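The structure under discussion appears below in the form of structure tokens.
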Amino acid sequence: MIHSRKVLKILIVVLSIMVIFVSISAFASQTQEAAKETASASTAPWWVWPLALFVVTFILGILAVLGGVGGGVLFVPIIGGFFPFNIDFVRGAGLLVALAGALAAGPGLLRRNLASLRLALPVALIASSAAIIGAMIGLALKPNVVNTLLGATILFIVAIMVTAKKSDFPNVAKPDNLSQSLHIMGIYREESLGKDIEWQVHRTPQGLALFIIIGIMAGMFGLGAGWANVPVLNLLMGAPLKISVATSKFLLSITDTSAAWVYLNQGAVLPMIVVPS
């Protein structure tokens, strides 16, 4: 009975996503075309759009912190849908937006022993390689195809955030052989409990396999990958929530760098979009 209810919930979510993403994709496509026509017919000075971008991204930064999501998740769909910029330039800027936050937070997280190098490095090797492939695929696709896939991805992210239940201290009875071979384990200070917490992970092969998909999606859409990193590290592999969040943030500095170089090499990074963002 419980299994049937879970299946029913999943079907409802999938059907809702299919209905909503079609309408959102159509709306976003029409809005972008209208914005481009308005921009081409406008006599406003060139600095109007960068100024508007600065104001919008400043607000998005506040909303991202309050909502607990990465800036790229909000940046790419909103800027791509309502500003007269090519989606390739928006995705390139989105990667650099996510990268800037990760680079700023990374050293502090490592210093506090929250971001785990032993957990991050195997994942980063796979995710960054996949992100390069994703970036190449994204730049090869037509803009309308990218917009449609982006709409579906955003709705998928919303579904994950609504349905996923995070666990502060997952119960890992026994680590798997791969995690033991890679010595993926550690200890950190939990200030709320006033004691040191030892942690280890399991289901490592399944987690690493999922990071192939996550890396491709991060590079293809320029969203960053924190929305997917944390559930996989925490719920699937069993890392504590704080370790998962901190390691995910550190991972972005590697994964997004790999994808960003592809966009930079293809000329899809415009300072006029990146700097105000």
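List of remarks:
- Of all the listed residues (135, 130, 124), the sole one being within 17 Å of residue 245 (Cα to Cα), buried (at least 18 other Cβ atoms within 10 Å of the Cβ), modelled with pLDDT of 90 or more and among the aliphatic types (A, V, I, L, M) is 124.
- Odd one out for residue 193 among (1) hydrophobic (A, V, I, L, M, F, W, C); (2) closer than 23 Å to residue 111 by Cα; (3) in contact (Cβ under 8 Å) with a residue 24 or more places away in the chain: (3)
Residue-wise test of (1) buried (at least 19 other Cβ atoms within 10 Å of the Cβ); (2) on the phi < 0 side of the Ramachandran plot.
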residue	(1), (2)
184	yes, yes
187	no, yes
195	no, yes
218	yes, yes
222	yes, no
236	no, yes
265	no, yes
272	no, yes
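- Residues (over 24 Å from residue 212 (Cβ atoms) and not in a helix (DSSP H, G or I)) located in segment 78-128: 83, 84, 85, 86, 112, 113, 114
The values are calculated or read from the model by the stated rules, or taken from the named source; none is laboratory data. For clarity, every value in this text was computed on a predicted model and none was experimentally measured. In this analysis, Cβ positions are derived from the backbone assuming ideal geometry, glycine residues included, and neighbour counts consider all displayed protein chains.
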